[in-house]
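K.L.:
One structure, as structure tokens, below. Some questions next.
The values are calculated or read from the model by the stated rules, or taken from the named source; none is laboratory data. These numbers come from a predicted model, not from an experiment. Reconstructed Cβ throughout: ideal geometry from the backbone, glycine too, with neighbour counts over all protein chains shown. Please note that ligands, DNA and RNA were not included when accessible areas were found on the heavy atoms of the full protein model with its side chains. Shrake-Rupley method; radii C 1.70, N 1.55, O 1.52, S 1.80 Å.
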Amino acid sequence: MHRAPWSPESERLSRRRFLNQASQWSALLAAYPLIPLEGLDGPLADGSRVAQAPVVDKGFASIRKIGDGLYATISDISKGLTTMCNGGFLFGKDAGLLVEGFVSTAGAAFQYETFRSLSKAPVMGGLDTHYHFDHCCGNAFYGANGIALWAHAATARRIYENYAAMQAADRSAVVGPLEARAKDAKTEAARKHAAEYAATVGNIYNMTSASVLALPNRALDPAKLPVKLDLGGLTALVESYPGHSGTDLVVRVPEQNVAYAGDLLFNGMYPVTFDDQATISGWRSTLKTFLSWGKDTVFVPGHGQICGPEGVRMSLDLFEDIAAQAEKFKQAGMAAEEAADAYVVPERFKTVAIFAWQFSIGPTITKLYKEWGAK
Ligand SMILES: [Zn+2]
């Protein structure tokens with residue numbers, strides 16, 4: 001194993017990169033503070049399962065113990081965008097598994113170095129829970145260090161189709177038509193949502209363009225999942241569920257009731273459903289499966305604080321509320337495109353973050369219309 005290319009220089013570069021990018025993401029950063037661990041419900045309430053003190057806290061992310069050989073990497077995007085998504089690692093006496101490629105190689109390196117400070121076990125691999133940029137733009141770290149990278153069989157292709165295509169395009173060709181659409185919007189809400197969408201796509205363009213893309217080399221065929229990984233006294237299952245991206249994997253340790261859920265679970269944020277392959281009915285059924293694992297399950301969501309089943313229930317409640325309002329829009333004869341901007345965030349969800357309206361609430365409504373066979 002080569003030494004990880006994590007140096008003061010890469011820290012400095014990632015700091016500078018953050019300062020440049022923070023201003024672009026400022027609306028989201030301000031809207032998505034990390035819920036403190038204290039005062040959590042469910043299986044976390046008594047404080048015995050999830051360590052209060054992190055092993056390491058870099059601001060942009062902290063890593064804490066959540067079980068025997070189980071650690072969670074939790075990003076705090078209000079303090080930096082080195083990791084951006086959550087992840088974690090698992091190790092037994094024979095092998096370790098690192099979850100997520102994160103948004104930058106410095107993020108993947110940070111997690112790897114922390115793992116290495118706790119375990120001498122050889123690394124079985126890294127694993128992308130799905131293909132989205134904030135989970136894969138740091139993949140090159142694994143490639144540079146000879147670490148195998150596991151993912152859903154469609155992940156490599158979709159990274160290439162989406163982000164290599166973005167890198168090959170001029171920014172104006174990607175963002176220009178979206179900005180034009182915002183200008184042509186018929187209502188103020190539609191204009192605001194369309195402008196926010198264009199800005200968010202612009203941010204994603206910048207982040208993917210700044211990355212050297214690296215593709216997973218260990219494709220997991222969903223038809224052959226779950227797969228059991230024996231890490232030596234610790235058995236992890238890699239499973240595939242529908243909902244967020246069509247490439248979603250969950251890493252689960254049933255013996256300890258812990259699940260690394262990837263973006264099939266957002267804690268304190270409206271589910272992000274923009275993906276072509278996202279399915280609302282599929283996602284809702286996945287969340288019900290998560291609940292079936294029992295009230296003692298500890299979840300590491302793709303974004304937001306560690307949670308118990310209450311975080312899963314909230315995602316279901318959010319889907320239910322959107323569906324209830326969409327149903328009324330449909331009955332009132334509103335077209336899907338118009339309905340997508342008409343949802344009103346109820347008082348009880350005012351503190352729930354919105355990544356970007358047209359990445360989350362809007363597509364949830366248009367997809368529900370499709371599922372209902374309505375136009
Ligand atoms: Zn995602």
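K.L.:
Just to check your reading of the model, which residue among 131, 163 is among the aromatic types (Phe, Trp, Tyr), within 16 Å of the ligand (Cβ to nearest atom), free of Cβ contacts under 8 Å to residues at least 60 places away in the same chain and within 21 Å of residue 360 (Cβ to Cβ)?
P.N.:
Numbers: 131 fails: free of Cβ contacts under 8 Å to residues at least 60 places away in the same chain.
Sole residue among the options that is among the aromatic types (Phe, Trp, Tyr), within 16 Å of the ligand (Cβ to nearest atom), free of Cβ contacts under 8 Å to residues at least 60 places away in the same chain and within 21 Å of residue 360 (Cβ to Cβ): 163.
K.L.:
Name the pairs whose Cβ atoms lie under 6 Å apart, with the first residue in segment 248-261 and at positive phi, the second open to solvent by 10 Å² or more (accessible area, probe 1.4 Å), and 6 or more positions between them or separate chains?
P.N.:
Close Cβ pairs satisfying both conditions: 257/296.
K.L.:
How about segment 231-245: which of its residues are part of a strand (DSSP E or B) and either among the aliphatic types (A, V, I, L, M) or within 13 Å of the ligand (Cβ to nearest atom) (or both)?
P.N.:
Narrowing segment 231-245 to residues part of a strand (DSSP E or B): 235-240.
Listed by number, the residues that qualify are 236, 237, 238.
K.L.:
Select from segment 60-103 the residues that are within 16 Å of the ligand (Cβ to nearest atom), outside any strand (DSSP E or B) and touching a helix residue (DSSP H, G or I) at 6+ places or on another chain (Cβ under 9 Å) and list them in ascending order.
P.N.:
Within segment 60-103, 77, 81, 83, 84, 85, 100, 101, 102, 103 meet the criteria.
K.L.:
List the residue pairs whose Cβ atoms are under 8 Å apart, where the first residue sits in segment 18-39 and is closer than 18 Å to residue 192 by Cα, the second is among the charged types (D, E, K, R) and modelled with pLDDT of 75 or more, and the two are 6 or more positions apart or on different chains.
P.N.:
Going by the 8 Å Cβ cut-off, the qualifying pairs are 27/196.
K.L.:
Next question, about the same structure. What are the residues in segment 97-123 that are in contact with a strand residue (DSSP E or B) (Cβ under 9 Å, 6 or more places away or on another chain), surrounded by 24 or more Cβ atoms within 10 Å (Cβ to Cβ) and of a type in the set (Gly, Ala, Ser), if any?
P.N.:
101, 107, 108
K.L.:
Next up: Please specify each residue of segment 258-288 satisfying the condition of being under 16 Å from residue 226 (Cα atoms) and not β-branched (Val, Ile, Thr).
P.N.:
259, 260, 261, 262
K.L.:
Now for a different question. Condition test on residue 191, is it among the basic types (Lys, Arg) and surrounded by fewer than 19 Cβ atoms within 10 Å (Cβ to Cβ)?
P.N.:
Working: among the basic types (Lys, Arg): yes; surrounded by fewer than 19 Cβ atoms within 10 Å (Cβ to Cβ): yes.
In short, yes.
K.L.:
Can residue 196 be described as acidic (Asp, Glu), more than 16 Å from the ligand (Cβ to nearest atom), open to solvent by 60 Å² or more (accessible area, probe 1.4 Å) and in contact (Cβ under 8 Å) with a residue 12 or more places away in the chain?
P.N.:
Values: acidic (Asp, Glu): yes; more than 16 Å from the ligand (Cβ to nearest atom): yes; open to solvent by 60 Å² or more (accessible area, probe 1.4 Å): yes; in contact (Cβ under 8 Å) with a residue 12 or more places away in the chain: yes.
Taking the combined requirement at face value, the residue satisfies it.
K.L.:
Assuming residue 191 fulfils every condition listed in (1) away from the ligand (no atom under 15 Å from the Cβ); (2) among the charged types (D, E, K, R); (3) out of contact with any helix residue (DSSP H, G or I) (no Cβ under 9 Å at 6 or more places or on another chain) apart from one, which condition is it?
P.N.:
Condition not satisfied by residue 191: (3).
K.L.:
Of the numbered conditions (1) part of a loop (DSSP other than H, G, I, E, B); (2) open to solvent by 20 Å² or more (accessible area, probe 1.4 Å); (3) modelled with pLDDT of 95 or more, residue 46 satisfies every one except a single condition; which is it?
P.N.:
Here residue 46 clears every test but (3).
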